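Visitor: Before I ask anything, let me first share the structure, which is written out below as structure tokens.
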Amino acid sequence: MHRSTTGFSAASAVPKASLFTLIVAGLLAASTGCTPPQSEERVVAFVNGKPITQTEFDHEWGDLPDATKARYEKEGGRQIFLKELVDHELLLQEARKQGLDQSDAIRDRVRRYKEKLLKDELLKDRMKTTVELTKEELDRFYEEHAGELLTPLKVRVAQMLLPNFSAAKDLETQVNRGGDFGKFAQRYSVDYKTKAKGGDLGPYRKGLVIPEVDEVIKTLKPGMVSAPIKTEAGYYLVQITALDPEIIQADLAKRERLRQELLYLKRKQYFDSVIAEIKAKAVVKLADGSHPVADGLTKR
């Protein structure tokens, strides 16, 4: 006999498992031919004459996670756990007394529960291979989402566009003397997309700026303003500043979400290959009466 204790808390004497779970446990135990204990085996409790043996108790106790055992030990030890086993047995006996184990609906749910256990056991056996990501796979996936991620520079970018070299050079000098880059951009920049925001472009990412500006950004240090950068549109000044820690943490969280997404996709790919292997050996007859096919449902 095996009584599932998963989901019960030592903090309360009221069991939290459903009657259905208890009935399933009892029916599964009966289907495996559980035999009465030998008379000489130590019994720790009788429930309406039905014994709970030391072996059964030790088995249930041994199945508990270490953290759960620690909670029991803190709140009364094995005596509390034994009391809950007794409560569970009382519920199971009452459910049987009411004929719940004879219900067609319950039997159908038990059947489906057993089928799920069988499928889970099969897949657990077939998917023993640990699916892991290589650095190359992860780097490639990150590169595919480069527009969403920070680069190793971890800086914020601001730029202003001036119509000629002399204007750009003059503003570069004033910023280096302590002038406010953002205020100058709002007043003098002819880049009307960023002018109102003081030239702020946000955190640096791949493709954020045109190539000429991008090359200069990689040579700057936080707080520095560049020399005038000649482009077809005019002369750019660019300044970078260090990012707030919150933005860096958000980027790390985004990378972890992407890693989990890629791991899921790789695991699903492996799972699909297992299913495909089984399908390749199967013969499926469709409900519309079409001829049997040997490769799943891909043909009609």
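Visitor: For the stretch 49-56, check the following and say yes or no: at least one residue is among the small types (Gly, Ala, Ser), at pLDDT 85 or above and either buried (at least 16 other Cβ atoms within 10 Å of the Cβ) or part of a loop (DSSP other than H, G, I, E, B) (or both).
Guide: Scanning the stretch 49-56 turns up at least one residue that is among the small types (Gly, Ala, Ser), at pLDDT 85 or above and either buried (at least 16 other Cβ atoms within 10 Å of the Cβ) or part of a loop (DSSP other than H, G, I, E, B) (or both).
Visitor: Considering only residues of the stretch 161-179 that are small (Gly, Ala, Ser) and farther than 12 Å from TYR236 by Cβ, which is surrounded by the most Cβ atoms within 10 Å (Cβ to Cβ)?
Guide: Narrowing the stretch 161-179 to residues small (Gly, Ala, Ser): 166-168, 178-179.
Still in the list and also farther than 12 Å from TYR236 by Cβ: 166, 178-179.
Working: SER166: 11, GLY178: 6, GLY179: 14.
Only one residue tops the list, namely GLY179.
Visitor: Are any of the residues in the stretch 160-167 in contact (Cβ under 8 Å) with a residue 12 or more places away in the chain, among the aliphatic types (A, V, I, L, M) and closer than 30 Å to VAL274 by Cβ?
Guide: No; the residues of the stretch 160-167 include none that is in contact (Cβ under 8 Å) with a residue 12 or more places away in the chain, among the aliphatic types (A, V, I, L, M) and closer than 30 Å to VAL274 by Cβ.
Visitor: Turning to a different aspect of this structure: Check ALA276 against each of (1) of a type outside the set (S, T, N, Q); (2) under 30 Å from GLU132 (Cβ atoms); (3) open to solvent by 80 Å² or more (accessible area, probe 1.4 Å) and name the one condition it does not meet.
Guide: (3)
Visitor: Also, quick follow-up: Enumerate the pairs (first residue in the stretch 91-108 and under 26 Å from GLY49 (Cα atoms) and assigned to a helix (DSSP H, G or I); second residue anywhere and modelled with pLDDT of 90 or more and open to solvent by 100 Å² or more (accessible area, probe 1.4 Å)) with beta-carbon separation below 9 Å, excluding pairs fewer than 6 apart on the same chain, so at least 6 apart or on different chains.
Guide: GLN93/ASN48
Visitor: Being under 30 Å from GLY179 (Cα atoms) and within 23 Å of the chain's Cα centre (by Cα) narrows it down to one of ILE248, ILE229, ILE210, so name that one.
Guide: Checking each option against the conditions leaves just ILE248.
Visitor: Anything in the stretch 128-156 that is among the aliphatic types (A, V, I, L, M), modelled with pLDDT under 90, more than 26 Å from ASP272 (Cα to Cα) and not in a helix (DSSP H, G or I)? List them, or say none.
Guide: Matches in the stretch 128-156: LEU149, LEU150, LEU153.
Visitor: Which residues, counting only those in the stretch 180-195, are in a helix (DSSP H, G or I) and either open to solvent by 100 Å² or more (accessible area, probe 1.4 Å) or closer than 21 Å to MET224 by Cβ (or both)?
Guide: Correct list: PHE181, GLY182, LYS183, PHE184, ALA185, GLN186, ARG187, TYR188.
Visitor: Considering only the stretch 94-153, state which residues are open to solvent by less than 50 Å² (accessible area, probe 1.4 Å), in contact with a Gly (Cβ under 8 Å, 6 or more places away or on another chain) and not aliphatic (A, V, I, L, M).
Guide: Correct list: ASP101 only.
Visitor: Against the definition (open to solvent by 50 Å² or more (accessible area, probe 1.4 Å), farther than 30 Å from THR134 by Cβ, assigned to a loop (DSSP other than H, G, I, E, B) and not β-branched (Val, Ile, Thr)), how does GLU246 come out, yes or no? Break it down into steps so the answer makes sense when it comes.
Guide: Numbers: open to solvent by 50 Å² or more (accessible area, probe 1.4 Å): yes; farther than 30 Å from THR134 by Cβ: yes; assigned to a loop (DSSP other than H, G, I, E, B): no; not β-branched (Val, Ile, Thr): yes.
In short, no.
Visitor: Do we have any residue at all in the stretch 250-265 that's assigned to a loop (DSSP other than H, G, I, E, B) and free of Cβ contacts under 8 Å to residues at least 24 places away in the same chain?
Guide: Checked the stretch 250-265: no residue is assigned to a loop (DSSP other than H, G, I, E, B) and free of Cβ contacts under 8 Å to residues at least 24 places away in the same chain.
Visitor: Evaluate the following for TYR236: is it open to solvent by less than 40 Å² (accessible area, probe 1.4 Å) and more than 30 Å from GLN260 (Cα to Cα)?
Guide: Yes; evaluated as a whole, the condition is true for this residue.
The values are calculated or read from the model by the stated rules, or taken from the named source; none is laboratory data. Keep in mind the model is a prediction, meaning the values are calculated, not measured. In this analysis, Cβ positions are derived from the backbone assuming ideal geometry, glycine residues included, and neighbour counts consider all displayed protein chains. When the accessible area is computed, the model is the full protein with side chains, heavy atoms only, and any ligands, DNA or RNA have been set aside. Shrake-Rupley method; radii C 1.70, N 1.55, O 1.52, S 1.80 Å.
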